[in-house]
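Q: Input: one structure, supplied below.
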Amino acid sequence: MSGQVVRMLLCAALIAPGVVQATEVAVAGVFPGKAVLVIDGGRPTTVGVGRSTRDGVKVVSVQGEQVVVEIDGARETLRLGQRVVKSAAATDAPTVNLTADARGHFLASGSINGAPMRFLIDTGASMVALSRSDAERARIDYLKHGRPSMSQTANGLVRTWVVKLAEINLAGVSLHQVDAAVHDSELPVALLGMSVLNRMEMQRAGDSLTLRKRY
């Protein structure tokens, strides 16, 4: 993707209306060892004890109609039908501050599953994009656990495998259960696409870009 296209897409994302930084969690159902959660008004998701949703909400315990969840490290006790909204001031949220390079690109250092990575911020990518060697370094068995797919790139259609990243860390800000595509080709740098950026608030001022974790 050309630098001009990346900059145009990034500007479009930055001028979009802001989203209130809040996580709403509701308990829609309970089963032995499981709870049905609704996150931010989305589809009901069944989550087992000790497991987390893609938004990082963890089910700690289920006893009768009482569910203990963990949101951003804080535990809340909810009963069937109850909900809680966790909000944080923007200044309190984990942030990443980046400076554009000479071509106007924003690059960031981070890791996937603990393996060091270099990322290019790309609002034109629907999800994180990795090369096969990136996936191997991050111990991702994409051939076994990935869903075969195809992706349109500047060089045409490329075979990919869609996977879930257990953890992606960007300058100390961690996200869990992130969608990613492993490309059947080498990439010069991993692309940080919208599966991460949709969970961040982006603010640009000149050559500076601030990413603030929403959830």
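The values are calculated or read from the model by the stated rules, or taken from the named source; none is laboratory data. Predicted, not measured: the structure shown is a model, and the values here were computed from it. Positions of Cβ are backbone-derived with ideal geometry, glycine not excepted, and every protein chain shown enters the neighbour counts.
Q: Scanning for something polar (S, T, N, Q), out of contact with any helix residue (DSSP H, G or I) (no Cβ under 7 Å at 6 or more places or on another chain) and without any contact (Cβ under 8 Å) to a residue 12 or more places away in the chain, does segment 80-94 turn up at least one residue?
A: Yes, the conditions are met somewhere in segment 80-94.
Q: Name the residues in segment 110-132 that are within 15 Å of the chain's Cα centre (by Cα), surrounded by fewer than 20 Cβ atoms within 10 Å (Cβ to Cβ) and within 14 Å of residue 167 (Cβ to Cβ), would you?
A: Scanning segment 110-132 gives 111, 113.
Q: Which residue pairs have Cβ atoms under 6 Å apart, sit 6 or more places apart or on different chains, and have a first residue in segment 30-55 that is over 17 Å from residue 77 (Cβ atoms) and in the same structural domain as residue 70 (by TED's automatic domain parsing) and a second that is of a type in the set (S, T, N, Q) and part of a strand (DSSP E or B)?
A: Here the result reads 53/45; 54/177, each pair linking segment 30-55 to a residue that is of a type in the set (S, T, N, Q) and part of a strand (DSSP E or B).
Q: Right, residue 129: assigned by TED's automatic domain parsing to the domain that holds residue 95, of a type in the set (Gly, Ala, Ser), assigned to a strand (DSSP E or B) and within 22 Å of residue 103 (Cβ to Cβ) or not?
A: Yes: the conditions hold for residue 129.
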